[in-house]
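Report on the following structure.
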Amino acid sequence: MNEIDGANLDPQFKYDVARRPGGENLQLCFACGTCTAGCPVSEVDPEFNPRKIIRQVVLGMRREVLSSPVIWRCVQCYSCTAKCPQNVRFREILRALREMAVEEGYVDSAVFARVDRLGRLAQTLRRNLAEALVSDPARFEEMCRQAEALAPAAAAAADKG
C-alpha cells in the first residue's frame with residue numbers, strides 16, 4: 001500500500017470537483033465498491049478502480065489524480081452510474097476530473113479528441129470482431145491474435161473469461 005503524503009493533500013479538491021456539473025453527489029459515496037465491481041474496465045485493468053479514485057479525490061490527492069493516465073481509461077459506459085445506490089454518477093465525476101486535468105495543465109487539450117477517437121476505434125474493432133465471429137471464425141481468430149499482439153493484457157483477460 002502506498003503511503004499518503006499529508007503535506008501534499010489539497011482539502012479543497014473535493015469541493016472543486018463537487019462544484020462541477022455531475023460532481024454534486026461526490027460526497028455521497030460510502031465506498032461500497034459497486035461502481036468498481038460493475039466496471040468493464042476494472043475487470044481487465046486492476047489499476048482502474050472507481051472507488052479508489054473517489055477516495056483519492058475526497059482525501060485531496062489533486063496532483064496524483066489529475067496527473068494519472070488512469071482517469072483516461074474509462075469508456076464512459078454508465079455502468080457505474082446505473083449501479084450506484086447513492087447516485088454518485090462516477091462517469092460525470094471522471095469527466096470533471098478530465099476537464100480539470102486539461103485546465104490545470106496536466107495533459108494537453110488534444111487528449112479529449114484522442115480519447116473520443118480511441119472510443120470509436122474500440123467500438124469499430126468490437127463490431128468487426130463480432131461480425132467475423134459469426135461469419136468467418138478463422139478470420140475472427142486471426143483478428144484476435146493481431147489484437148492480442150498489440151495488447152498482451154487483453155489476451156490474459158480474454159483467457160480468464
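What follows draws every value from the coordinates through simple rules; no lab data is involved. In this text, all values refer to a predicted model and were calculated from it rather than measured experimentally. Here Cβ is always computed from backbone atoms with ideal geometry, including for glycine, and neighbour counts include all displayed protein chains.
Once you have a ≥ b ≥ c as the square roots of the Cα gyration tensor eigenvalues for the chain, tell me rounded if a/c is under 1.5, and otherwise prolate or oblate according to whether a/b is larger than b/c. Cα axes put the chain in the prolate bin.
Placing a label point 7 Å from the Cα of Ala110 along the Cα-to-Cβ line, no residue of the range 65-83 has its backbone N under 11 Å from it. Evaluate E = 1/(1 + (r/R0)^6) for Gln123 and Ala37, where r is the Cβ-Cβ distance and R0 equals 30 Å; express this FRET efficiency to the nearest 0.05. Efficiency at R0 = 30 Å is approximately 0.80.
For the chain, the longest principal axis of the Cα atoms and the long axis of helix 110-135 meet at an angle of about 30 degrees.
Which whole-number percent gives the relative contact order of the chain, counting Cα pairs below 8 Å spaced six or more residues apart? The value is 23 percent. Label zone of Arg63 (point 7 Å out along Cα→Cβ, amide N under 14 Å): in the range 92-111 this covers 106. A cut-off under 10 angstrom between Cβ atoms defines the neighbours of Tyr78, and their net charge, with Lys, Arg +1 and Asp, Glu -1, is +2. Taking 4.7 Å between C-beta atoms as the pairing limit, the chain has these partnerless cysteines: Cys29, Cys32, Cys39, Cys74, Cys77, Cys84, Cys144. Overall, the chain carries a charge dipole of about 440 debye about its Cα centre when +1 sits on the Cβ of Lys and Arg and -1 on the Cβ of Asp and Glu, all other atoms neutral. You can think of it this way: the chain between Glu99 and Ala138 has 9.8 nm of extra reach, that is 0.36 nm per residue less the Cα-Cα gap.
Think of the range 1-157 as a dipole: +1 on every Lys or Arg Cβ, -1 on every Asp or Glu Cβ, centred on the Cα centre; then among Gly33, Val65, Asn128, Gly33 lies furthest on the positive end.
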